[in-house]
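Visitor: Here you go, one structure.
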Amino acid sequence: MSKIKLGILGIGNIGTVHINNILDGKCPEVELYAICDLLDEKMEWVKEKLPSVKCFNDAEQMMDSGIDSILVAVPHYDHPKYAIMAMKKGIHTLVEKPAGVYTKQVLEMNKVADESNVVFGLMMNQRTNCIYRKMREIVKSGEMGAIKRTNWIITNWYCPQAYYNSGGWRATWSGEGGGVLLNQCPHNLDLWQWICGMPTKIEAKLHYGKWHDIEVEDDVSAYVEYENGATGIFVTTTGDIPGTNRFEITLEHGKLIADGTTLKMWKTEMSEPEFSRTNTEAFGWPEVVECEVETDGKNEQHAGVLNAFADAILNGGALIADGREGINGLTISNAMHLSSWLGKEIVVADFDHELFYEELMKRVATSRAKTTVNTNVKVNMGDSFK
Ligand SMILES: NC(=O)c1ccc[n+]([C@@H]2O[C@H](COP(=O)([O-])OP(=O)(O)OC[C@H]3O[C@@H](n4cnc5c(N)ncnc54)[C@H](O)[C@@H]3O)[C@@H](O)[C@H]2O)c1
């Protein structure tokens, strides 16, 4: 069986998850050929388990070592830089989420991807979750008519102060470029647009360091509008316990509600607009049937994304998420920040990438970059929100 020769850049929390998936035989078409981290100690355990793996402290040296594919798992600001470097060398590239921190750098990355004849993917592991795949299938099938309203309360991303004290780059404008929107919510924002489409207008209220001693946002309430007049609400925080995961989509023929593990559907025979038009009873209601939706039960997460990446390279198969799609979720995230900073509604089609970059850099300039890192705090691994 031919395999891809993968290099993993950044052997931290998530890099470790990817290596273990390969070592555990979950990725049969992937050979772990090389790894790279600035810190030798991060690679010691791999050398013991896999003496044949090549180890580097310099990303470019690893790229020139014979790998044909790379998984970029360093902190967000550097995702586009190393993806661009790799694609220009003809190396197939899989980038961790988010695609980057600001849209300007991601547009540049997508342009290089268009100019390079390589496979370019994004680690959107939540797209493998059967609940969200089924939800998308039902919405895109049109069987429930047009979307009227979306509403996602995703407040079960609880992080105690210790989490923010754990990684030097975490939760600073200079190190991460944002808070809950950049670290925890890229999955949700991606799924939101993947299932419901991109909003056309966004207005958001963000609170910075409301529940934690941090400078970036840890509490967000956003309102959006869609091309067909539908509206949406998105609420998230890292400060609620126990928090909630409730994703509701109301359509002309009823509604869908996902809570991460189950998907329920309430369906009306007659579409609501038709009922409202033809019904003559003042308090009339169309018949509503409630049902639990069958799914295929699969949820392969990170290994599923890596396997699809290998299949795309070796056999021309479909990626779970094309790398270029990362710009969608990030545009929503950047627009929420910009709306909060400028105190106004943002029109997505006219999103000012340059203005966003300038406003972000103002905050980076005064960012309290952390010097001390409390390394004995174990960070929960893999953003598999419950
Ligand atoms: N898909 C997911 O479920 C998931 C889960 C966690 C993190 N992530 C993403 O993965 C990225 C990394 O997060 P993490 O929690 O693993 O961070 P981390 O700090 O634990 O690991 C990052 C590693 O990269 C290394 N590194 C940094 N710059 C480097 C460079 N220039 N060359 C070589 N090595 C370098 C660091 O030494 C560190 O070991 C983030 O963008 C994060 O959003 C995704």
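The values are calculated or read from the model by the stated rules, or taken from the named source; none is laboratory data. Quantities reported herein were computed from a predicted structural model and do not represent experimental measurements. Counting neighbours? That spans all protein chains shown, and the Cβs are built from the backbone with ideal geometry, glycine included. Side chains are part of the model used for accessible areas, which takes the heavy atoms of the whole protein and leaves out ligands, DNA and RNA. Shrake-Rupley method; radii C 1.70, N 1.55, O 1.52, S 1.80 Å.
Visitor: Considering only residues that are open to solvent by 90 Å² or more (accessible area, probe 1.4 Å) and over 30 Å from residue 93 (Cα atoms), look in segment 290-308 and name the one that is nearest to the chain's Cα centre (by Cα).
Guide: 294
Visitor: Let me ask something additional. Anything in segment 273-319 that is away from the ligand (no atom under 16 Å from the Cβ), within 26 Å of residue 134 (Cβ to Cβ) and among the charged types (D, E, K, R)? List them, or say none.
Guide: Selection gives 274, 287, 290, 292, 294, 296, 298, 311.
Visitor: Ok, one more. Specify the residue that is surrounded by the most Cβ atoms within 10 Å (Cβ to Cβ); the eligible residues are those in segment 163-187 that are in a helix (DSSP H, G or I) and within 12 Å of the ligand (Cβ to nearest atom).
Guide: Residue satisfying both the conditions and the ranking: 186.
Visitor: Test residue 230 against the criterion of being farther than 24 Å from residue 128 by Cβ, more than 18 Å from the chain's Cα centre (by Cα) and open to solvent by less than 10 Å² (accessible area, probe 1.4 Å), and give yes or no.
Guide: In short, yes.
Visitor: Can you tell me how many residues in segment 78-97 are near the ligand (Cβ under 10 Å from one of its atoms) and either within 20 Å of residue 355 (Cα to Cα) or outside the structural domain of residue 310 (by TED's automatic domain parsing) (or both)? Walk me through it before giving the result.
Guide: Step one: list which residues in segment 78-97 are near the ligand (Cβ under 10 Å from one of its atoms), which gives 78-79, 81-82, 95-97.
From what is left, the residues that are either within 20 Å of residue 355 (Cα to Cα) or outside the structural domain of residue 310 (by TED's automatic domain parsing) (or both) are none.
The number of residues fulfilling the criteria is 0.
Visitor: Going by the conditions given, is residue 67 closer than 18 Å to residue 113 by Cβ, open to solvent by less than 40 Å² (accessible area, probe 1.4 Å), at pLDDT 95 or above and touching a Lys or Arg at 6+ places or on another chain (Cβ under 9 Å)?
Guide: Against the criterion (closer than 18 Å to residue 113 by Cβ, open to solvent by less than 40 Å² (accessible area, probe 1.4 Å), at pLDDT 95 or above and touching a Lys or Arg at 6+ places or on another chain (Cβ under 9 Å)), residue 67 qualifies.
Visitor: Here's a check for you: in segment 104-121, which residue that is within 16 Å of the ligand (Cβ to nearest atom) and closer than 20 Å to residue 176 by Cα is surrounded by the fewest Cβ atoms within 10 Å (Cβ to Cβ)?
Guide: This residue is 105.
Visitor: Could you list, ordered by first residue, the pairs with Cβ atoms under 8 Å in which the first is in segment 96-115 and hydroxyl-bearing (Ser, Thr, Tyr) and the second is within 14 Å of the ligand (Cβ to nearest atom) and in a loop (DSSP other than H, G, I, E, B), at least 6 apart or interchain?
Guide: 102/177
Visitor: Among the residues of segment 139-154, which ones are open to solvent by less than 10 Å² (accessible area, probe 1.4 Å) and either under 20 Å from residue 189 (Cβ atoms) or assigned to a helix (DSSP H, G or I) (or both)?
Guide: Passing the criteria: 150, 152, 154.
Visitor: Sticking with this structure for a sec: Quick test for you: out of 50, 23, 39, pick the one residue that is surrounded by fewer than 17 Cβ atoms within 10 Å (Cβ to Cβ), within 26 Å of residue 77 (Cβ to Cβ) and among the hydrophobic types (A, V, I, L, M, F, W, C).
Guide: 39
Visitor: For residues that are open to solvent by 40 Å² or more (accessible area, probe 1.4 Å) and under 22 Å from residue 155 (Cα atoms), tally how many sit in segment 249-289.
Guide: Residues in segment 249-289 being open to solvent by 40 Å² or more (accessible area, probe 1.4 Å) and under 22 Å from residue 155 (Cα atoms): 5 in total.
Visitor: Mind listing whichever residues of segment 1-32 are among the β-branched types (Val, Ile, Thr), more than 12 Å from the ligand (Cβ to nearest atom) and out of contact with any helix residue (DSSP H, G or I) (no Cβ under 6 Å at 6 or more places or on another chain)?
Guide: Across segment 1-32, the qualifying residue is only 22.
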